[in-house]
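Participant: I'd like to ask some things about the structure below.
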Amino acid sequence: MQYRNFGKSDLVTSVIGFGTWPMGRGMFGAFDEDEIARAVDLAIDSGVTLFDTAEVYGWGASEELLGKLLRGRRDRVVLVSKGGTPWNESKNRTDRDSSRKQLTKALEGSLRRLQTDYLDLYLIHWPDESRPFSEPMEALADFQSQGKIRYGGVSNFSMEQMRESLETFPIICNQVGYHLFDTRPEPEVFPFCQENGLGVMAYGPLAHGLLTGTMTPDTEFGP
């Protein structure tokens with residue numbers, strides 16, 4: 001396994017991470033929890049240190065399962081989660097809310113479900129353009145000073161949104177959707193991250209299964 005720093009920060013992780021979006025029940029169909037446990041064990045034994053989740057993955061179910069599976073091995077992994085996308089019951093959808101109040105609630109929930117008292121990296125999941133980006137960045141600074149996160153970053157942010165965020169807080173990475181069928185971050189996001197010493201996390205790097213060779217025209221999916 002190869003290891004790399006997140007940009008110019010001193011946070012070091014494996015170049016291959018373990019994404020837990022499919023572990024959120026109700027989003028990607030049924031799964032075998034024992035198979036997930038074996039996958040986590042194999043990943044750690046293979047040198048994977050980065051485990052990435054979010055409060056919205058299965059509305060907390062992914063974090064709860066990951067927290068259970070990492071019990072007793074917290075010191076061996078770099079734990080990443082994301083907040084700022086609360087579930088809106090009345091509209092049956094997620095909202096983008098990066099207010100200090102919402103982020104505080106989200107982080108406390110993530111820490112509880114993951115059975116840890118700190119996260120190595122906490123990301124603003126989606127840009128909330130209803131408020132200045134200084135507000136969530138100030139919240140990240142507070143979380144860091146309280147010892148609840150080691151580092152902060154963003155996800156799905158544009159070049160200009162990252163630029164504005166950096167005026168308030170030293171984010172260390174941007175997590176973006178990226179794979180061989182979708183190279184949209186290449187023209188602007190990647191060069192900006194490189195120029196400013198930020199790391200890049202790619203989610204969906206296997207095109208959500210399309211690049212694994214396991215799907216055919218005859219593949220059937222559950223409801």
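Participant: If amide H atoms are built 1.01 Å from N in the plane of the peptide, which residues on other chains or at least 5 residues away come under 5 Å of the amide H of D97?
Facilitator: Correct list: T85.
Participant: Using amide H atoms built in the peptide plane, which far-off residues or other-chain residues are under 5 Å from L123 H to H?
Facilitator: S81, K82, G83, G153
Participant: Separate question: For the range 96-138, just say rounded, prolate or oblate: build the C-alpha gyration tensor, square-root its eigenvalues into a ≥ b ≥ c, call rounded for a/c under 1.5, and beyond that prolate if a/b exceeds b/c, oblate if not.
Facilitator: Prolate.
Participant: Can I ask one more? How much of the DSSP beta bridge set in the chain is antiparallel, as a percent to the nearest 5?
Facilitator: Values: 6 of 28 bridges.
Within the chain, antiparallel bridges account for around 20 percent of the total.
Participant: Which of E138, E89, E64 moves the most in a Gaussian network model of the chain with Cα springs under 10 Å?
Facilitator: Result for the chain, Cα springs under 10 Å: E89 fluctuates most.
Participant: Counting only protein heavy atoms and using a 1.4 Å probe, what share of the accessible area of the range 34-110 belongs to carbon plus sulfur, as a whole percent?
Facilitator: Carbon and sulfur: 47 percent of the exposed surface of the range 34-110.
Participant: OK, next. Could you compute the longest span of the chain free of chymotrypsin sites (Phe, Trp or Tyr not before Pro) located in DSSP loops and having at most 12 other Cβ atoms within 10 Å, not counting the site residues?
Facilitator: 1-180
Participant: Any chance you could get the radius of gyration and Dmax over the Cα atoms of the range 121-222, in Å?
Facilitator: 16.3, 53
Participant: Further question on the same structure: Mind checking the alpha-carbon convex hull of the range 73-128 and giving the volume per residue in Å³?
Facilitator: 88 Å³
Participant: By the gyration tensor of its Cα atoms, with a ≥ b ≥ c the square roots of the eigenvalues, what is the shape of the range 1-119: rounded for a/c under 1.5, prolate for a/b over b/c, or oblate?
Facilitator: The shape class here is oblate.
Participant: Taking only the alpha-carbon positions of the chain and ignoring solvent, what does the Debye formula give for the base-10 log of I(q)/I(0) at q = 0.12, 0.13, 0.14 Å⁻¹?
Facilitator: At q = 0.12, 0.13, 0.14 Å⁻¹ the computed log10 ratios are -0.64, -0.76, -0.89.
Participant: Just the number please: accessible area per residue for the range 1-95, 1.4 Å probe, all protein chains included, in Å². Could you put the intermediate results ahead of the total?
Facilitator: On the way: 4970 Å² over 95 residues.
For the range 1-95, the per-residue accessible area is 52 Å².
Participant: With everything on Cα atoms, drop me the angle between helix 100-114 and the longest principal axis of the chain, reported from 0 to 90° to the nearest 10.
Facilitator: Helix 100-114 sits at roughly 40 degrees to that axis.
Participant: Only sites in a loop by DSSP and with at most 15 other Cβ atoms within 10 Å count here; which trypsin sites (Lys or Arg not before Pro) in the range 22-83 make the cut?
Facilitator: R71, R73
Participant: Sticking with this one: For the range 1-72 and the range 133-148, write down the distance between their C-alpha centroids in whole Å.
Facilitator: 24 Å
Participant: Find how much the distance from V200 to R73 grows on full extension, using 0.36 nm per residue of separation minus their present alpha carbon separation; answer in nm with one decimal.
Facilitator: Numbers: separation 127, 0.36 × 127 = 45.72 nm, distance 2.51 nm.
My answer for the length gained is 43.2 nm.
Participant: Per residue of the range 77-82, in order, report the coupling 6.51 cos²θ - 1.76 cosθ + 1.60 (Karplus, θ = phi - 60°) as ³J(HN,Hα) in whole Hz, putting x for Gly and Pro.
Facilitator: 10, 9, 9, 10, 9, 9
The values are calculated or read from the model by the stated rules, or taken from the named source; none is laboratory data. The model shown is predicted, which means the values in this text are computed figures rather than measured ones. Cβ coordinates were reconstructed from backbone atoms using ideal geometry, including for glycine residues, and neighbour counts include every protein chain displayed. Surface accessibility is based on the protein's heavy atoms, side chains included, excluding ligands, DNA and RNA. Shrake-Rupley method; radii C 1.70, N 1.55, O 1.52, S 1.80 Å.
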